[in-house]
Amino acid sequence: MAYPMQLGFQDATSPIMEELLHFHDHTLMIVFLISSLVLYIIALMLTTKLTHVNTMDAQEVETIWTIMPAIILITIALPSLRILYMMDEINNPSLTVKTMGHQWYWSYEYTDYEDLTFDSYMIPTSELKPGELRLLEVDNRVVLPMEMTIRMLISSEDVLHSWAVPSLGLKTDAIPGRLNQTTLMSTRPGLFYGQCSEICGSNHSFMPIVLELVPLEYFEKWSASML
């Protein structure tokens, strides 16, 4: 969960989010080095008396400033492509959950169970209990087992939505007539919050997502009580 005045990402909960954080730090360091070099060169140009102002041929310099950016782009592109392929992999999911976006709520269906479906609405501010988060709490949380690969099938029944949970590194568009899929796996139990990240109408920010990741034995008890 994010906190006030937070400048960085939320704590990673899934292996994919950990990879995204590492890639972010890797790219940010490259950007920092480039910015420092450019600032240093600008400072030199402003403070140093220029000589050889009539030089027209500098093959060595041109070769360096052509090859170096290409190398930098490769060092950014290769890790990025690796993470993209990792995010698209579907490795024998243990559970499949289908979520449909509506105006202005989500509905969930556990496809491995016969009649396990429910809608998830935001709790109005006037009905919140002490300690609950405004605009983020829902009446029915999505309970999932931790340390298991879970496939999410995401679509919409009206307009464009986006199912996003930052701490898990998930953000998948919900498009009418199209079924998108993504996978998630939590390395620890807890409550994880998200919201619709698409400008899908006047109340698009009031479509919160709450995932409750629990050990498998608790998930089995919950699923049995819901059937």
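The values are calculated or read from the model by the stated rules, or taken from the named source; none is laboratory data. Quick caveat: nothing in here was measured; it's all calculated off a predicted structure. Using ideal geometry, Cβ is built from the backbone for each residue, glycine included, and neighbour counts are taken over all protein chains shown. Accessible surface is based on the protein model in full, side chains and every heavy atom, while ligands, DNA and RNA are left aside. Shrake-Rupley method; radii C 1.70, N 1.55, O 1.52, S 1.80 Å.
Computed across the chain, the Kirkwood radius stands at 20.8 Å (inverse of mean 1/r, all Cα pairs). Averaged over its residues, the range 136-225 has an accessible area of 43 Å² per residue, based on protein heavy atoms and a 1.4 Å probe. Modelled spin-label separation between R188 and A77, with each label point placed 7 Å from Cα along the Cα-to-Cβ direction: 3.7 nm.
Each Lys and Arg Cβ is given +1 and each Asp and Glu Cβ -1; about its Cα centre, the chain then shows a dipole of about 560 debye.
Over the range 15-88, accessible surface divided per residue gives 85 Å², non-protein components excluded, 1.4 Å probe.
Of interest is the spacing of the C-alpha centroids, which for the range 135-194 and the range 45-106 amounts to 27 Å.
Report the extension gain between E217 and L128 in nm, rounded to one decimal, defined as 0.36 nm multiplied by the number of residues separating them, less their alpha carbon distance. Can you show the working numbers first?
Numbers: separation 89, 0.36 × 89 = 32.04 nm, distance 2.90 nm.
My answer for the length gained is 29.1 nm.
For the range 95-181, chymotrypsin sites (Phe, Trp or Tyr not before Pro) are listed when DSSP marks them as loop and at most 15 other Cβ atoms sit within 10 Å of their Cβ; the list is Y113. Accessible surface of the range 15-88, 1.4 Å probe: 74 percent of it comes from carbon and sulfur atoms.
Tell me, in nm to one decimal, what length is gained between L84 and S202 on full extension, where the rule is 0.36 nm per residue of separation less the Cα-Cα distance?
Values: separation 118, 0.36 × 118 = 42.48 nm, distance 3.21 nm.
Result for the pair: 39.3 nm of gain on full extension.
Stick to the Cα atoms of the range 15-88, pair each with every other, and give me the Kirkwood hydrodynamic radius in Å at one decimal.
Details: mean 1/r = 0.0657 Å⁻¹.
Averaging 1/r across every pair of different Cα atoms and inverting gives 15.2 Å.
State, as an integer percentage, the relative contact order of the range 95-226 based on alpha-carbon contacts under 8 Å between residues 6 or more apart. Mind showing how you got there, number by number?
Details: 322 pairs, mean separation 35.1, N = 132.
Normalised by residue count, the contact order of the range 95-226 is 27 percent.
I need the per residue convex hull volume for the range 131-227, using only the alpha carbons, in cubic angstrom as a whole number.
Given the Cα convex hull of the range 131-227, per-residue volume reads 116 Å³.
Of the residues H161, G201, M87, the one whose Cα sits farthest towards the positive end of the charge dipole of the range 77-227 is M87 (charges of +1 on Lys and Arg Cβ, -1 on Asp and Glu Cβ, taken about the Cα centre).
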